[in-house]
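Since the structure comes first, as structure tokens, the remarks are kept for the end.
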Amino acid sequence: MVKLGILYLIPVTLGDDNIAKVLPTEVVSIAQQLHTFVVENEKTARHFLSTIKTNKPVRELQLLTLNEHTTEQELPSLLKPLLAGFDIGLMSEAGCPGIADPGARLAELAHKKGIRVMPLVGPSSILLSLMASGLNGQRFTFLGYIPADKAARILRLKEIEKASNKNHETQIFIETPYRNQHLFEDILAHCNPATKLCIACNISLNDEFIVSKSIADWKKLNESTRPNLHKKPTVFLLLA
């Protein structure tokens, strides 16, 4: 009987040039030795693997794609190396695989097949932002993306604030980076002045910005002193 491989969940840095700062040497060592990876984005995966200097040249590594377009019928084929006894590394585009990431689907299937799923230590923008926010870390919900349509976005923000107030629960959400500033402005315009808002931007990078204020205090800042979030990965945390 063939011994099954291990599915390693390999965290990826949240930006360039900070591998030693955010990834333990053991994680890098495991990733360096693997020959097969399931990745969300092949280009960014190759860049990361080149940076950590894998034992094999990157061009000789097997990269299999798992993203939002991968169908349920395609998932089993990604497990074939594991079923043949070879270890695989599962990588997100940034941060921890399986957290707000399509890799969770592969981990679920691996459990069904009796394959060991081993998470490795690394950065999660969601948890790091919550840790630093000073908001409620006992009760929190990650909501994913906010609607892009302005009217739908404002309605959703009001629902989020109401739920936070009712449950005294931190609500965590994100937006496509080029719409961050619009979301920030809508939060200030439509949320209660006493509601707390944490902006966590470019986490773990040299220009990291993590600040918590009430909506009233955020609104006291003029345009020149408010953070510029345009095209910068940002996590929003709200506590009513």
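Taken together, the values in this text are just the output of simple stated rules run on the coordinates, not laboratory data. Because the structure is a prediction, the values reported are computed rather than measured. For neighbour counting, all protein chains shown are included, and Cβ atoms are generated from backbone atoms with ideal geometry for every residue, glycine included.
Could you compute how fast the chain diffuses translationally, taking Rh as the Kirkwood radius over C-alpha pairs and applying Stokes-Einstein at 37 °C with viscosity 0.692 mPa s? Give it in µm² per second.
Translational diffusion coefficient: 170 µm²/s.
Relative contact order of the chain, please, whole-number percent, based on alpha carbon pairs below 8 angstrom and at least 6 residues apart.
Over the chain, the number comes to 22 percent.
Give me the net charge for the shell around Y178: Cβ to Cβ below 12 angstrom, other residues only, Lys and Arg +1, Asp and Glu -1. Could you put the intermediate results ahead of the total?
On the way: positive: R179, K231, K232; negative: E175.
Net local charge, Y178 excluded: +2.
Just the number, please: percent antiparallel of the DSSP beta bridges in the range 108-240, rounded to the nearest 5. Don't jump to the answer; show the numbers that get you there.
Values: 16 of 20 bridges.
Just about 80 percent of them are antiparallel.
Which of L49, L221, L90 moves most in a GNM of the chain, Cα contacts under 10 Å?
In this elastic network of the chain, the residue with the biggest mean-square fluctuation among L49, L221, L90 is L221.
With Cβ to Cβ distances under 10 Å as the rule, what net charge do the other residues near V39 carry (K, R +1; D, E -1)?
It works out to a net charge of -1.
Could you state the orientation-averaged shadow area of the convex hull built on the Cα atoms of the range 6-119, in nm² to one decimal? Intermediate results must be reported in sequence, preceding the final value.
Numbers: hull surface 26.2 nm².
That works out to 6.5 nm², a quarter of the Cα hull's surface.
Take the chain, connect every pair of alpha-carbon atoms lying under 10 Å apart with a spring to form a Gaussian network, then pick out the residue of N222, N165, N41 with the largest mean-square fluctuation.
With Cα springs under 10 Å in the chain, the top fluctuation among N222, N165, N41 is at N222.
Around P147, what is the net charge, scoring Lys/Arg as +1 and Asp/Glu as -1 over all other residues with Cβ under 11 Å from its Cβ?
For residues surrounding P147, the net value is 0.
Counting DSSP beta bridges in the chain, what percent are antiparallel, to the nearest 5?
Within the chain, antiparallel bridges account for around 45 percent of the total.
At what distance in nm do the modelled label points of T176 and E68 sit from each other, each positioned 7 Å from its Cα along Cα→Cβ?
Going from the T176 label point to the E68 one covers 0.8 nm.
Which residues make up the longest stretch of the chain clear of trypsin sites (Lys or Arg not before Pro) that lie in a DSSP loop with no more than 16 other Cβ atoms within 10 Å, not counting the sites?
Longest run free of exposed loop sites: 140-230.
Using a ≥ b ≥ c from the Cα gyration tensor of the range 125-239 (square roots of the eigenvalues), is it rounded, prolate or oblate, where a/c under 1.5 gives rounded and otherwise the larger of a/b and b/c decides, a/b for prolate?
Verdict is rounded for the range 125-239.
Sum -39500 (n - 2.57) across every DSSP H segment of at least 4 residues in the chain, then divide by the residue count to get the 222 nm mean residue ellipticity, nearest 500.
-10000 deg cm²/dmol
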